[in-house]
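The values are calculated or read from the model by the stated rules, or taken from the named source; none is laboratory data. These figures come from a predicted structure and were not determined experimentally. Glycine also receives a Cβ, built like all others from the backbone with ideal geometry; neighbour counts cover every protein chain displayed.
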Amino acid sequence: MDSARVIYKRPFSLGMLFLFLILLATMPLYVQPYFIILLNTVFMYIIITLSWAIFSGPTRYISLASAAFFGVGAYVSAVIGQVLSLPLFIATGGLVSFILALFIGLLTLRLKGIYFIIFTFGVSELIRHFILWWEAKFAGTVGRWVVAVDHTTVYYVMLIIFILALLTAYHIRRSKFGLALRSIGEHEEAAAHIGISVTILKTITFAISAFFMGATGAIMATRWTYIDPGIAFNPLFSFMPVLMAIFGGIGQLYGPILGATILTLLEEVLITEFPYYYMLLFGIILIAVILFLPNGLVGLIEKLGKRGNKG
Amino acid sequence: MFVTVLDVIIGGLISGGIYALIAVGLSLQYGVGRVLNVSHGEFIMIGAFATWSLYTVFGISPLISLVICGPIFFILGFVINRAIFEYLRSKSESIDAFAASSLLASFGLLFIIQNVALIIWKADLRGYSYLDSSVSILGAVFTANRLIALLFAVVISLSFYIFLTRTRLGKAIRAAAEDPVTAQVMGVNIHRVLAICFGLGALMAGLAGVLISMMYEMRPTMGLEYTIIAIIVVVLGGLGSITGSLVGGFILGFIGTIVTYIDPGLSLIAYYVIFILMLLVKPTGIFGK
């Protein structure tokens with residue numbers, strides 16, 4: 001029926017996954033520091049993309065508010081990072097984004113399709129400009145310093161958030177909860193008629209996905225050590241997860257992960273020397289995927305797999 | 001006091017005229033074709049830079065650029081619609097699915113156009129001075145280029161409005177916006193109309209870019225700002241309503257000028273607040289059904 005169950009039935013894949021996690025966990029012991037910094041960026045995009053897909057994948061509501069949740073998390077760690085311990089302020093970052101998402105979710109219940117997309121974008125930009133104005137007016141600054149944390153710690157925090165997000169996504173997909181979400185995506189009115197509390201379900205899932213984005217923002221801010229609204233609420237953090245998830249394919253759990261990994265690595269290779277060419281290439285890839293690969297890389301892999309089985 | 005009021009009124013008219021012009025183009029693309037074209041602002045940016053290049057390299061007046069840019073942008077929009085959105089439309093299961101995928105495709109266009117412009121023109125601020133002598137209207141002082149931009153924005157918007165209401169093609173466009181299937185049954189070549197609408201949207205953006213370049217400095221990343229303003233205006237007036245976009249443009253222009261007068265830092269915030277309130281209270285806009 002769906003991938004999660006198929007993976008579950010194959011202990012081989014589960015074992016592979018476990019080995020891979022052990023490999024990731026021991027990584028800082030034997031690789032170059034540069035590689036850890038690179039992996040941190042990869043993880044950041046993977047988590048944002050994966051948590052975007054937790055909500056937007058099954059429900060088909062395209063959210064452009066990721067930057068808001070990510071940025072709020074980053075600002076939480078800038079404001080209380082000096083006072084609280086690391087795990088505490090990371091969790092707070094996630095929690096504040098969670099609450100914000102509950103609030104936005106309750107506001108946007110009436111909005112569907114294109115209206116939902118532009119609303120989430122508007123909210124995100126409103127928060128960015130509001131903080132920009134507030135900081136200049138009342139704090140008298142543009143940006144804030146964040147307590148610095150070493151790369152290995154950032155790496156482990158990222159890894160933990162990633163595993164939590166992955167487990168959450170996996171369990172949501174396999175549960176009745178996930179089935180209900182998919183039925184909202186298929187036909188919302190019908191879902192409501194068969195007794196699914198559409199509103200509560202959508203809002204809670206939206207908030208869960210925001211939690212991981214907020215936590216990621218909180219830890220990423222410590223890596224940057226300095227943030228301003230332009231960095232923390234960069235609209236690219238709203239666009240990238242959508243593009244990465246669609247590039248990878250949202251039909252399977254590994255799609256967003258694959259998409260985020262490939263595009264982040266591509267960015268890493270190209271952005272320092274040819275930043276404009278990278279974004280240009282990005283645009284071309286995006287259009288090509290939408291036109292010719294509507295199910296992303298996952299769709300392509302499945303198609304090739306089927307062909308392989310037949311032959 | 002009188003001069004301040006006059007300042008705000010004329011200032012509001014000037015930004016309102018530009019906002020109306022850019023919103024009408026976007027509204028046309030969404031209202032008829034269901035493409036929420038987030039690369040709309042990029043066409044404005046290209047229009048502005050093309051004018052700048054024509055002026056600084058060849059000494060061609062921006063007003064002549066209007067005539068040069070118009071047809072080129074129309075063809076550009078026409079071709080883009082044929083190459084991308086036509087194909088996407090034929091493959092989409094439903095109109096909602098098409099609206100979402102075309103929005104994403106237009107993000108791709110945004111990245112492509114913006115970065116090609118960055119490669120050609122670099123990231124610096126550019127500007128030129130054209131007719132920048134001051135004109136005093138009852139004590140309120142404006143540069144001549146702003147008043148000319150306002151004049152042209154109004155003329156272009158009005159002639160477009162007359163085209164929509166008085167000509168055969170205009171009626172076909174409105175019919176297609178109202179109900180594409182019935183329009184097709186009545187003999188409207190829907191594919192041609194959709195392509196023309198997209199071309200006209202690009203044309204309006206290009207012309208707005210020419211006018212904007214006479215007044216403000218420009219950089220290749222300025223497009224998104226204008227796209228956002230256009231989206232806010234279109235939501236304010238009602239998605240797909242041409243009259244709504246014209247009126248909404250002037251409303252937003254006035255609000256912007258008044259808020260800027262109070263605290264310049266608040267103008268964008270005011271725009272977003274209006275936008276969000278509108279979506280929450282009446283998502284279909286002032287003129288929406």
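Evaluated against (1) of a type in the set (A, V, I, L, M, F, W, C); (2) part of a helix (DSSP H, G or I); (3) surrounded by 15 or more Cβ atoms within 10 Å (Cβ to Cβ); (4) modelled with pLDDT under 95, A:Leu100 falls short on exactly one condition, (4). Can you say whether B:Val141 is more than 14 Å from every other protein chain (Cβ to nearest Cβ), at pLDDT below 90 and exposed (fewer than 13 other Cβ atoms within 10 Å of the Cβ), as far as the supplied structure shows? Answer is yes for this residue.
For the stretch A:105-119, give me each residue that is surrounded by 16 or more Cβ atoms within 10 Å (Cβ to Cβ), assigned to a helix (DSSP H, G or I) and facing chain B (nearest Cβ under 10 Å). Result: A:Gly113, A:Ile114, A:Tyr115, A:Phe116, A:Ile117, A:Ile118, A:Phe119. None of B:Ser106, B:Ser90 is within 14 Å of chain A (Cβ to nearest Cβ), surrounded by fewer than 16 Cβ atoms within 10 Å (Cβ to Cβ) and under 29 Å from B:Pro180 (Cβ atoms) except B:Ser90.
Does B:Leu131 meet the test of being surrounded by 15 or more Cβ atoms within 10 Å (Cβ to Cβ) and not in a helix (DSSP H, G or I)?
yes
Would you confirm whether any residue within the stretch A:95-105 is among the aromatic types (Phe, Trp, Tyr) and in contact with a Leu (Cβ under 8 Å, 6 or more places away or on another chain)? No, the stretch A:95-105 has no match at all.
Rundown of residues vs (1) crowded, with 19+ Cβ neighbours inside 10 Å; (2) assigned to a loop (DSSP other than H, G, I, E, B); (3) more than 14 Å from every other protein chain (Cβ to nearest Cβ), yes/no style:
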{"residue": "B:Gly240", "(1), (2), (3)": "yes, yes, no"}
{"residue": "B:Thr243", "(1), (2), (3)": "no, no, yes"}
{"residue": "B:Tyr261", "(1), (2), (3)": "no, no, yes"}
{"residue": "B:Gly265", "(1), (2), (3)": "no, no, no"}
{"residue": "B:Ile269", "(1), (2), (3)": "yes, no, no"}
{"residue": "B:Met278", "(1), (2), (3)": "yes, no, no"}
{"residue": "B:Phe287", "(1), (2), (3)": "no, yes, yes"}
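When B:Ile255 is tested against the conditions (1) closer than 19 Å to B:Ser27 by Cβ; (2) surrounded by fewer than 21 Cβ atoms within 10 Å (Cβ to Cβ); (3) at the interface with another protein chain (Cβ under 10 Å from one of its Cβ atoms); (4) modelled with pLDDT of 90 or more, the lone failure is (3).
Within the stretch B:27-49, the set of residues being hydrophobic (A, V, I, L, M, F, W, C) and modelled with pLDDT of 95 or more comprises B:Phe43, B:Ile44, B:Met45, B:Ile46, B:Ala48, B:Phe49.
B:Val116: touching a helix residue (DSSP H, G or I) at 6+ places or on another chain (Cβ under 7 Å), surrounded by fewer than 23 Cβ atoms within 10 Å (Cβ to Cβ) and among the aliphatic types (A, V, I, L, M), yes or no? The answer is yes for B:Val116. If you go through the stretch B:17-58 and keep only what is polar (S, T, N, Q) and not in a helix (DSSP H, G or I), you end up with B:Asn37, B:Ser39. Looking across A:Met213, A:Met158, one residue alone is in contact with a Ser or Thr (Cβ under 9 Å, 6 or more places away or on another chain) and more than 30 Å from B:Leu266 (Cβ to Cβ). It is A:Met158.
Each row is one residue, and each column tells you yes or no for (1) within 14 Å of chain B (Cβ to nearest Cβ); (2) free of Cβ contacts under 8 Å to residues at least 12 places away in the same chain; (3) crowded, with 22+ Cβ neighbours inside 10 Å; (4) not charged (D, E, K, R).
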site: A:Met240; (1), (2), (3), (4): yes, no, yes, yes
site: A:Leu243; (1), (2), (3), (4): yes, no, yes, yes
site: A:Ile257; (1), (2), (3), (4): no, no, yes, yes
site: A:Ala260; (1), (2), (3), (4): no, no, yes, yes
site: A:Tyr277; (1), (2), (3), (4): yes, yes, no, yes
site: A:Leu281; (1), (2), (3), (4): yes, no, no, yes
site: A:Ile287; (1), (2), (3), (4): yes, yes, no, yes
site: A:Asn295; (1), (2), (3), (4): yes, no, no, yes
site: A:Gly299; (1), (2), (3), (4): yes, no, no, yes
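Looking at this structure, is B:Ile75 surrounded by 15 or more Cβ atoms within 10 Å (Cβ to Cβ) and under 20 Å from the mean Cα position of the chain (by Cα)?
In short, no.
Restricting attention to the stretch A:134-148, the residues that are buried (at least 18 other Cβ atoms within 10 Å of the Cβ) and either facing chain B (nearest Cβ under 9 Å) or not basic (Lys, Arg) (or both) add up to 1.
One residue stands out in the stretch A:56-97 among those that are of a type in the set (A, V, I, L, M) and assigned to a loop (DSSP other than H, G, I, E, B): the one that is nearest to A:Glu188 (Cα to Cα), namely A:Ile62. Here the condition is being more than 11 Å from chain A (Cβ to nearest Cβ) and closer than 23 Å to B:Ile173 by Cα; of B:Val35, B:Val79, B:Val67, B:Val57, it holds for B:Val79 alone. In the stretch B:215-232, the residue that is surrounded by the most Cβ atoms within 10 Å (Cβ to Cβ) out of those that are in a helix (DSSP H, G or I) and within 12 Å of another protein chain (Cβ to nearest Cβ) is B:Ala230. From A:Ile200, A:Ile219, grab the single residue that is surrounded by fewer than 16 Cβ atoms within 10 Å (Cβ to Cβ), part of a helix (DSSP H, G or I) and more than 12 Å from chain B (Cβ to nearest Cβ). Just a single option satisfies the conditions, and that option is A:Ile200.
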